Amino acid sequence: MKKFAFCLTLIIVALSSCTSGVSRKSQAGADTLRLSYSRLLNIVEHEGYKVVEISNPWKQGEVLHRYILVSNPDCPHLPEGTIINVPVRNAVVFTTVHASVIADMGIKERISGMSDVEYVKREEIKALVASNKIANVGSSMSPNVEKIIDLSPDIIMLSPFENSGGYGRLDHIGVPIIECADYMEISPLARAEWIKFYGMLFGAEQQADSIFNDVVTRYKALSDEAKAYDSHPKVMVDFPSGNTWYVPGGKSTIGRMIADAGGRYCFAADDNGGSVALALEKVVSQCDDADLWLFRYGGEEKSLNSISNDYKVFSHIKAFSEGNVYGCSTERTTFYESTPFHPDRLLEDFIAMFHPQTKRQPTYFKKVQ
């Protein structure tokens, strides 16, 4: 009743908050929400709705998607964009990362379906999958569209990719697709700030702001701590696949975090925000004097012997020959679920490895023997 009275008053008094496009009053009264770190999100609040624009991270100056988050469904003539009635009560999620951030906000019951459920490591989400409270909608690369339709979700959350060519049948089932391009931000805190957008979607803005503010405070404190150390080890990252090595770009969140932890990334001069495919020989050549080697892996545990048996060339890398190699098992840790929106946790791991004098022990990485 209060919601109806509010909208009725707006219509009678002004007839301007919901006119075609954005009226003079809504333009004058619109409030651009200033984001501290994100370069991809632009959020403008109007009476009864918010406009969220996501800049295309691959095409400068273009908009990837424009969403109209409508909290007052009685308002006609909304601006052009994908209409999302908020708060969202029912979501299908394609990544464990975004399932986890929803759980962080205390609303995990809003997830009705997930793809790639075999990769879930977070226990509370695994329990919901096991009890069929979260439906398995198949592979993210080939989802079960019929099952998704049966779930009648309000939104589908997935990660976009450059030149993806669209989302196949998902584009035609009438369910808004939220393109979660957070991973293309160029700093850890910029990516983490996307929790504000997700909080707006689910009506959990207060929870989202609180989480983000805590992350910022802790991240800055850790970064300031790292600046006090004299050591600045040279760092190489990740592991080859055959003769190709996908390394984080110099402007990626990992590249920035290495710098914030007091390290020197081998590819810091690279201008890419995502991953870069390089020849194995190129990486070995550029990182042969690296002091530390950090990598993520799936499958069986790694050892120095198993690595050298597969790749003899690694004996030329300083970090390998001196035994300063650290691995993170993505199957035995919650790395992918925990760190994207809590980069302070990963920063603390980096500080523990870069500056052993702190006596910290890393949470996600461990020394490869």
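Test SER26 against the stated conditions and say whether it is modelled with pLDDT of 95 or more, over 19 Å from the mean Cα position of the chain (by Cα), of a type in the set (Gly, Ala, Ser) and surrounded by 14 or more Cβ atoms within 10 Å (Cβ to Cβ). Answer is no for this residue. Summed over segment 63-82, residues that are farther than 15 Å from MET184 by Cα and either open to solvent by 90 Å² or more (accessible area, probe 1.4 Å) or in a strand (DSSP E or B) (or both) total 8.
Rundown of residues vs (1) part of a strand (DSSP E or B); (2) among the hydrophobic types (A, V, I, L, M, F, W, C); (3) within 24 Å of the chain's Cα centre (by Cα), yes/no style:
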| residue | (1), (2), (3) |
| --- | --- |
| VAL284 | no, yes, no |
| ARG296 | yes, no, yes |
| ASN305 | no, no, no |
| ASN309 | no, no, no |
| LEU346 | no, yes, yes |
| ASP349 | no, no, yes |
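Let's see how each residue does on (1) of a type in the set (Asp, Glu); (2) touching a residue at least 40 places away in the same chain (Cβ under 8 Å); (3) closer than 23 Å to ASP230 by Cα; (4) touching a Phe, Trp or Tyr at 6+ places or on another chain (Cβ under 8 Å):
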{"site": "GLU300", "(1), (2), (3), (4)": "yes, no, no, no"}
{"site": "HIS316", "(1), (2), (3), (4)": "no, no, no, no"}
{"site": "GLY327", "(1), (2), (3), (4)": "no, yes, no, yes"}
{"site": "PHE341", "(1), (2), (3), (4)": "no, yes, no, yes"}
{"site": "GLU348", "(1), (2), (3), (4)": "yes, yes, yes, no"}
{"site": "HIS355", "(1), (2), (3), (4)": "no, yes, yes, yes"}
{"site": "LYS359", "(1), (2), (3), (4)": "no, no, yes, no"}
{"site": "TYR364", "(1), (2), (3), (4)": "no, no, no, yes"}
{"site": "GLN369", "(1), (2), (3), (4)": "no, yes, no, no"}
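Among the residues of segment 192-206, the one identified as open to solvent by 30 Å² or more (accessible area, probe 1.4 Å) and outside any helix (DSSP H, G or I) is GLY203.
Yes or no: segment 322-334 includes at least one residue that is of a type in the set (A, V, I, L, M, F, W, C) and outside any strand (DSSP E or B).
First, pick out the residues of segment 322-334 that are of a type in the set (A, V, I, L, M, F, W, C): 325, 328.
If we keep only those that are outside any strand (DSSP E or B) too, we end up with none.
No: segment 322-334 contains no residue that is of a type in the set (A, V, I, L, M, F, W, C) and outside any strand (DSSP E or B).
If the condition is being touching a residue at least 40 places away in the same chain (Cβ under 8 Å), part of a helix (DSSP H, G or I) and open to solvent by 10 Å² or more (accessible area, probe 1.4 Å), then segment 104-158 contributes ASP104, ARG110, TYR119, LEU151. Screening segment 237-256 for residues that are over 24 Å from ASP182 (Cβ atoms) and in a strand (DSSP E or B) and picking the one that is least open to solvent (accessible area, probe 1.4 Å) gives TRP245. If you go through segment 207-236 and keep only what is open to solvent by 60 Å² or more (accessible area, probe 1.4 Å) and farther than 30 Å from LYS196 by Cβ, you end up with ALA228, ASP230, HIS232.
Here GLU331 does not qualify as open to solvent by 20 Å² or more (accessible area, probe 1.4 Å), among the acidic types (Asp, Glu) and over 20 Å from the mean Cα position of the chain (by Cα).
The values are calculated or read from the model by the stated rules, or taken from the named source; none is laboratory data. Remember, it's a predicted structure, so these values are computed and weren't measured experimentally. Quick reminder, even Gly has a Cβ in these numbers, built from the backbone with ideal geometry, and neighbours come from all protein chains shown. We work out accessible area using only protein heavy atoms, side chains counted, and drop any ligands, DNA or RNA first. Shrake-Rupley method; radii C 1.70, N 1.55, O 1.52, S 1.80 Å.
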